[in-house]
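Student: Sharing a structure below in structure tokens format, with a few things to ask.
The values are calculated or read from the model by the stated rules, or taken from the named source; none is laboratory data. No experiment lies behind these values; they were computed from the predicted model shown. Reconstructed Cβ throughout: ideal geometry from the backbone, glycine too, with neighbour counts over all protein chains shown. Areas reflect the complete protein model, heavy atoms only, side chains present, ligands, DNA and RNA absent. Shrake-Rupley method; radii C 1.70, N 1.55, O 1.52, S 1.80 Å.
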Amino acid sequence: MDQILLYDTTLRDGLQREGMSMSVDEQIAIARHLAEFGMHYIEAGFPMSNPKHAQMFEALEHVDLGECRIAAFGMTRRKGMAVEDDPAMIGLAECYAPVITVVGKTWDLHIEKVIKVDREENLSMIRDTVEYLVGRGKEVVYDAEHFFDAFAAHPDYAVECLRTAHEAGAHWVVPCDTNGATLPHDVAAAVRRVRQDLPDARIGIHTHNDAECGVATSLAAVHEGARMVQGTVNGYGERCGNANLVSIIPSLTFKMGFRTVGDDRMRELTALSHFVAETANLQPDNWAAYVGQNAFAHKGGMHVAGMLADERTFEHIDPTAVGNDRHMVVSELSGRGTIISKAGDMGLDLSESPEVPRILTRLKELEHEGYHFEVADASFELLIERELGVFSPLFELESFRVVTEQRADGGVETEATVKLRHDGERLVAIGEGNGPVNALDRALRNALGGRVPELDEIELVNFKVRILDEGKGTGATTRVLLDSSDGHHTWGAIGVSQNVIEASWAALIDSIAYGVRRIARERAGAS
Ligand SMILES: [Zn+2]
């Protein structure tokens, strides 16, 4: 089985994404994760480019990345200058990175209009640069920019550029779909021609996602013989992004039979995807292939029944192979099977229970009122427990009150007071916040603080309010969805009421009750 070498450029091309910004420490944390996951190469930018890149590049020299090889990124030598006089070339030759990725021009449009050299000088620039860097002991990856557009315009010259790099000693020649809009069959045809003309060259692929084919074009190139894939985690990159390694890697492994990373590391794929998203302060995509929260979510009653009979009926791979989970979505469409399966996850065997029809009826009533349990797994579990009479609340509420004060200077403050009973003790506390949910959350934590240590680990991460029957204006029903996290897992809770504060409170206490119990159980399990 052939090995595909994985070349990650999240820290170079990925950072070109609009709005993406990361500190040096964050980038190093990502590099560590990439190396642990088993990426074979990490492209770490250009040491002589902007200072932030240089800092990261220099810091990486002292980070233990195991077998993973760092690639510095640079362009071919300047036109009309001897390669050994070009300061950028000297910088690349002298940097610690064992791999240098050189990008050069292929397409007339760029050669004539952008760098303004003739075709021969362009070939000399490629040849001199590759020979020089190979001569300085570097592994050289030659990235042919705009290769596929060039190939469409003048295939012979496009291949000639790769041949020049190959004959100058490049270890890899990598046709790039820089504009990202070449379709898979055209990429396949071009790579096939490269392979025919350069049978002993090692070929890579670097594509972008402007026609939403970044993954497909990468797979098509591998199918035609490419053995290195360049891409980014979650497909982050300029415009519509780069080829998404998170989708490419499992497809290469499970669908095409190539070796990529080992099974153990593959089970870290979901964690890697989420780690990079969180570090970049981007919401993980719930609908992402393989790693999204909904990638293995089953909603329809018939699907769930099928799944319970045999997973292969509605799942293309075992979700645990990529570190994801199966997720039974609870909705009006769902039947007995979903409830039994969900309860099974909670450790409750309802398969013979006479309670199931009653829970289903209750569920439908609540859905009619505007509850929506598809994204509120915490509230759903608590609902089942309440219906079964096994729910033990964290505290008993005596009352809560929220006051919002708008001052003449424009400042707004919200203060909440909660009165509750916990373990036979009456607790009263206030909390201040930037809004009612925030203030109630703080008041609850102030009241229970110290008595419920798990609370310290729970953080509210997302809060969404929706008006359900908009026609009624201020008399409408409000639905609040609240996501909380303990840093490893995220769970959703829901509250519905005509009063936004009451809806928020309901979601908040479900979220906290569920989180406290979950953390306590995990601790008990771990010790
Ligand atoms: Zn690129």
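Student: Go through the residues of the stretch 69-82 one by one and say whether even a single one is away from the ligand (no atom under 16 Å from the Cβ), assigned to a helix (DSSP H, G or I), at pLDDT below 95 and over 25 Å from D264 (Cβ atoms).
Tutor: no
Student: Oh, and also: Could you say which residue among A280, A243, A201 is hydrophobic (A, V, I, L, M, F, W, C) and within 16 Å of the ligand (Cβ to nearest atom)?
Tutor: From the options A280, A243, A201, the qualifying one is A243.
Student: Would you pick out the residues in the stretch 376-425 that are of a type in the set (S, T, N, Q) and not in a loop (DSSP other than H, G, I, E, B)? Before the answer, list the steps.
Tutor: Restricting attention to the stretch 376-425, the residues satisfying the condition of being of a type in the set (S, T, N, Q) are 379, 392, 399, 404, 406, 414, 417.
Answer for the stretch 376-425, where residues must be of a type in the set (S, T, N, Q) and not in a loop (DSSP other than H, G, I, E, B): S379, S399, T404, Q406, T414, T417.
Student: For G91, state whether it is open to solvent by less than 60 Å² (accessible area, probe 1.4 Å), of a type outside the set (V, I, T), in contact with a Gly (Cβ under 9 Å, 6 or more places away or on another chain) and part of a loop (DSSP other than H, G, I, E, B).
Tutor: In short, no.
Student: Which one of I115, I70 is over 30 Å from D25 (Cα atoms), among the aliphatic types (A, V, I, L, M) and touching a residue at least 24 places away in the same chain (Cβ under 8 Å)? Can you show your working first?
Tutor: Values: I70 fails: over 30 Å from D25 (Cα atoms).
The unique qualifying residue is I115.
Student: Can you tell me which residue among E18, E43 is exposed (fewer than 15 other Cβ atoms within 10 Å of the Cβ), within 21 Å of N242 (Cα to Cα) and within 16 Å of the ligand (Cβ to nearest atom)?
Tutor: Testing whether each residue is exposed (fewer than 15 other Cβ atoms within 10 Å of the Cβ), within 21 Å of N242 (Cα to Cα) and within 16 Å of the ligand (Cβ to nearest atom) leaves just E18.
Student: With the structure loaded, tell me whether F391 is of a type in the set (F, W, Y) and touching a Lys or Arg at 6+ places or on another chain (Cβ under 8 Å) or whether it fails that test.
Tutor: So F391 does not fit the description; no.
Student: Can you tell me which condition L219 does not meet? The list is (1) within 15 Å of the ligand (Cβ to nearest atom); (2) open to solvent by 20 Å² or more (accessible area, probe 1.4 Å), and all the others hold.
Tutor: Among (1) within 15 Å of the ligand (Cβ to nearest atom); (2) open to solvent by 20 Å² or more (accessible area, probe 1.4 Å), L219 violates only (1).
Student: Same structure, new question: Any idea how many residues of the stretch 408-417 are in contact with a helix residue (DSSP H, G or I) (Cβ under 7 Å, 6 or more places away or on another chain) and open to solvent by less than 60 Å² (accessible area, probe 1.4 Å)?
Tutor: Here the count works out to 3.
Student: How about the stretch 225-313: which helices (runs of 4 or more DSSP H) wholly inside it have at least 2 residues that are buried (at least 17 other Cβ atoms within 10 Å of the Cβ) and without any contact (Cβ under 8 Å) to a residue 60 or more places away in the chain?
Tutor: Ranges flagged: 245-250, 269-279, 301-309.
Quick grid of which residues meet (1) of a type in the set (D, E); (2) in contact with a strand residue (DSSP E or B) (Cβ under 8 Å, 6 or more places away or on another chain); (3) farther than 16 Å from H208 by Cβ:
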residue	(1), (2), (3)
Y96	no, yes, yes
V99	no, yes, yes
R127	no, no, yes
V134	no, yes, yes
G137	no, no, yes
H146	no, yes, no
A168	no, no, yes
V174	no, yes, no
T178	no, yes, no
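Student: State all residues of the stretch 482-496 that are closer than 15 Å to E367 by Cα and open to solvent by 20 Å² or more (accessible area, probe 1.4 Å); if no residue qualifies, say none.
Tutor: V496
Student: Working carefully through the options V191, V187, V173, V159, find the one that is within 16 Å of the ligand (Cβ to nearest atom), assigned to a helix (DSSP H, G or I) and without any contact (Cβ under 8 Å) to a residue 40 or more places away in the chain.
Tutor: Values: V191 fails: within 16 Å of the ligand (Cβ to nearest atom); V173 fails: assigned to a helix (DSSP H, G or I); V159 fails: within 16 Å of the ligand (Cβ to nearest atom).
Only one candidate passes the filter, namely V187.
Student: Restricting attention to the stretch 94-126, which residues are open to solvent by less than 10 Å² (accessible area, probe 1.4 Å) and out of contact with any Ser or Thr (no Cβ under 7 Å at 6 or more places or on another chain)?
Tutor: The answer is A97, V99, I100, T101, T106, I111, N122.
Student: Okay, next question. Would you point out the residue of the stretch 426-463, among those that are over 34 Å from the mean Cα position of the chain (by Cα), assigned to a strand (DSSP E or B) and in contact (Cβ under 8 Å) with a residue 24 or more places away in the chain, that is surrounded by the most Cβ atoms within 10 Å (Cβ to Cβ)?
Tutor: L427
Student: Using the structure shown, decide if T207 is without any contact (Cβ under 8 Å) to a residue 60 or more places away in the chain, open to solvent by less than 10 Å² (accessible area, probe 1.4 Å), of a type in the set (S, T, N, Q) and assigned by TED's automatic domain parsing to the domain that holds I111.
Tutor: For T207, the condition - without any contact (Cβ under 8 Å) to a residue 60 or more places away in the chain, open to solvent by less than 10 Å² (accessible area, probe 1.4 Å), of a type in the set (S, T, N, Q) and assigned by TED's automatic domain parsing to the domain that holds I111 - is met.
Student: A follow-up question, please. Pull out all pairs, ordered by first then second residue, where Cβ-Cβ is under 7 Å, the residues are six or more apart or on different chains, the first lies in the stretch 135-154 and is under 20 Å from A189 (Cα atoms), and the second is more than 12 Å from the ligand (Cβ to nearest atom) and of a type in the set (K, R).
Tutor: Every condition considered, the pairs that remain are E145/K105.
Student: Specify which of the listed residues (F395, F380) is touching a Phe, Trp or Tyr at 6+ places or on another chain (Cβ under 8 Å) and either over 23 Å from T490 (Cβ atoms) or touching a residue at least 12 places away in the same chain (Cβ under 8 Å) (or both).
Tutor: Every option except F380 fails the conditions.
Student: Identify, from the list E131, E121, the residue that is over 22 Å from I203 (Cα atoms) and of a type in the set (D, E, K, R).
Tutor: Numbers: E131 fails: over 22 Å from I203 (Cα atoms).
Only one candidate passes the filter, namely E121.
Student: Find the residue count for the stretch 361-407, including only residues that are modelled with pLDDT of 85 or more, open to solvent by less than 50 Å² (accessible area, probe 1.4 Å) and among the hydrophobic types (A, V, I, L, M, F, W, C).
Tutor: Going through the stretch 361-407 one residue at a time, the tally reaches 10.
Residue by residue, here is whether (1) within 37 Å of the chain's Cα centre (by Cα); (2) assigned by TED's automatic domain parsing to the domain that holds D325 holds:
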{"position": "K342", "(1), (2)": "yes, yes"}
{"position": "L383", "(1), (2)": "yes, yes"}
{"position": "E405", "(1), (2)": "no, no"}
{"position": "V412", "(1), (2)": "yes, no"}
